[in-house]
Amino acid sequence: MKRIAVLGGGISGLATAFRIDQGLKKAGTSYDLVILEQACRPCGKIQSEKIGDFIVESGPNGFLDNEPATDRLVKDLGIENRLIPSRPEGQKRYLLSKGKLTALPGSPLSFLLSPLLTLKGKARVVMERFISKGMGLDESVLDFVTRRLGREAAETLIDAMVSGIYAGDISRLSIKAAFPRIFELEQEYGGLFKALPKVAGERKKMGQEPGPTGQPRGRLTSFDQGMDVITKALAQVLSHKIRTSTVVSAIRRENHGYSILVHGMHKQGRARHCKAPLTKTGIIHADAVVLALPAYSASRVLAKACKQASAALANIPYAGITVIALAFDRSNVGHRLDGFGFLAPRNQGVRILGARFASSTFENRAPKESVLIEAMAGGITDPGALDLGARDLVDMALDELSEPLGIDSRPKLSAVFRHVTAIPQYNLGHIDLVSSIEEAESKTPGLWITGNALRGVAMNKCIAESERVAGALMNYLG
């Protein structure tokens, strides 16, 4: 029987497999679909943990409701009734400045009145409209923002934003790869301020109300029992096609497809436990393969089948992240926690990258009269944070949160989640790496490479890519 293999059971692999499965059923073909996942359960980095009466997110805690592909997937899975929008206060965001939390400005007037930048720094931002357009070359985020808005804005405002998305280094990240829309706005309109009224007009025509300055477009959204509702729904639909606790060692090209060397194969479906020894080996033959693995894993398994793609994937670095969840009685936290959370610029002398006010953002994350705060540490600029013990991480987070949040007690619940390779870094040269991978794909029929290491780290982008890859694969099969 002809077979399609999807390697990786995170959101990219599961969503792509779901769309392929739909396409096969619609076409009435006899292809077999198999999903190979190394972990004991499919989920990837999207994991929601129920700890007592708290729901803790060890990965992303929401997504914006402005991606049509995500909307289609949710509806096709029949879980739209489980969507929950963020509370109104979830739109508010803070920045840590001089030991205190200051709300990010939501209008030009509030920006001028905000203490986040000095008068000189504000004046330099206002001068952006008189800065000429760049040459269109790739720049680091630091260089781009410094050129357009000034060094102070780059190191205070943009550094914090980048920490919240990539946990990266603005002097290394590529503006063209990491924030392509910002790069395009300068090229299209000559400047960021010049683009604002035109972009607002475009959004109004599309029925989208322009959001306040500095706020993301769309409504932050999650699910009633946490973000992994979507991955669990996908896994349930595809359960008879998933092989967990299965490590892919290598892929080799054959005359009419690929052979996939695997270790630790189990029966189809979820493994009973996570500590099964990797003793069994086998070969799975497939006519088409989709790699939805982290870049470093994809590089390893492609070493013989596609050396060009393997070499490019090996050059995509990752930032590690530790999530430190802390729960308190509401009476022990002085701050109102009236927002999504806060970000901490690297020039503030703290190790945490920021914190999410989980119980303020979504319903059902903490019991009444309790609060749940999820702090993040690590990133490219502080990899040593991942080496700290759990108690040390909790103590560090508590020490750095106590003053700005007015915390006067130890947490009544704490949990630490480590992701050694959490977020791929779209550094300078990333565009060339992706082009090299795309070129290698075109020379390797029946092979597709996807995942958040290439064209977008957010869940929305991964789901949009799943439709593109599944469509390309179905066209290839005819």
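Quick notes on this structure:
- Solvent-accessible area per residue for the chain (1.4 angstrom probe, square angstrom): 45 Å²
- Computed over protein heavy atoms with a 1.4 Å probe, the carbon and sulfur contribution to the accessible area of segment 277-366 reaches 52%.
- Taking amide H as placed 1.01 Å from N in the peptide plane, Ile46 has its amide H under 5 Å from the amide H of Ile11, each at least 5 places away in sequence or on another chain.
- Accessible-area ranking of Asp392, Asp382, largest first, probe 1.4 Å: Asp392, Asp382
- Net charge in the neighbourhood of Ala325 (other residues with Cβ under 11 Å of its Cβ; Lys, Arg +1, Asp, Glu -1) is -1.
- For segment 113-184, with all protein chains in place and a probe radius of 1.4 Å, 65% of the accessible heavy-atom surface sits on carbon or sulfur.
- Pairs spanning more than 21 Å between alpha-carbon atoms, out of Lys133/Lys461; Lys122/Lys198; Lys25/Lys241: Lys133/Lys461; Lys122/Lys198.
- If both residues of a DSSP beta bridge must be in the chain, then about 75% of such bridges are antiparallel.
- Candidate values [x] 13; [y] 25; [z] 9 were compared with percent of Cα pairs over 45 Å apart computed on the shown model; the agreeing label is [x].
- Accessible area per residue was computed with a 1.4 Å probe on protein heavy atoms; His240 scores about 100 Å².
- Only protein atoms count toward the accessible area here, which uses a 1.4 Å probe; on segment 413-478, the carbon and sulfur part of that area reaches 53 percent.
- Long-range amide H partners of Ser370 with built H, under 5 Å: Arg330
- About its Cα centre, the chain has a charge dipole of approximately 700 debye under the convention of +1 per Lys or Arg Cβ and -1 per Asp or Glu Cβ, with nothing else charged.
- Exposed-loop-free span, longest in the chain, where GluC sites (Glu not before Pro) count as exposed if DSSP calls them loop and at most 16 other C-beta atoms lie within 10 Å: 1-362
- In sequence order, segment 420-436 has phi-based couplings of 4, 10, 8, 10, x, 9, 8, 7, 3, x, 4, 4, 5, 5, 5, 4, 5 Hz under the Karplus curve 6.51 cos²θ - 1.76 cosθ + 1.60, θ = phi - 60°, and Gly or Pro positions carry x.
- Separation of alpha-carbon centers, segment 1-47 and segment 233-252, rounded to whole Å: 7 Å
- Summary of packing: across the peptides 323-336, 10-23, the per-residue average of other C-beta atoms within 10 Å ranks them, highest first, as 10-23, 323-336.
- From the alpha carbon centroid of segment 114-155 to that of segment 386-426 is 32 Å.
- Extended-chain gain in nm, criterion 0.36 nm per residue less alpha-carbon gap, Leu413 and Ile431: 2.2 nm
- Placing unit charges on the Cβ atoms of the charged side chains and taking the dipole of the chain about its Cα centre, the candidate lying farthest along the positive direction among Gly190, Gly44, Val125 is Gly44.
The values are calculated or read from the model by the stated rules, or taken from the named source; none is laboratory data. Only a predicted model underlies this, so the values are computations on that prediction, with no experimental measurement involved. Methodologically, a virtual Cβ is constructed for each residue, glycine included, from the backbone with ideal geometry; neighbour enumeration extends over all protein chains shown. Ligands, DNA and RNA are excluded from the accessible area calculation, which covers all protein heavy atoms including side chains. Shrake-Rupley method; radii C 1.70, N 1.55, O 1.52, S 1.80 Å.
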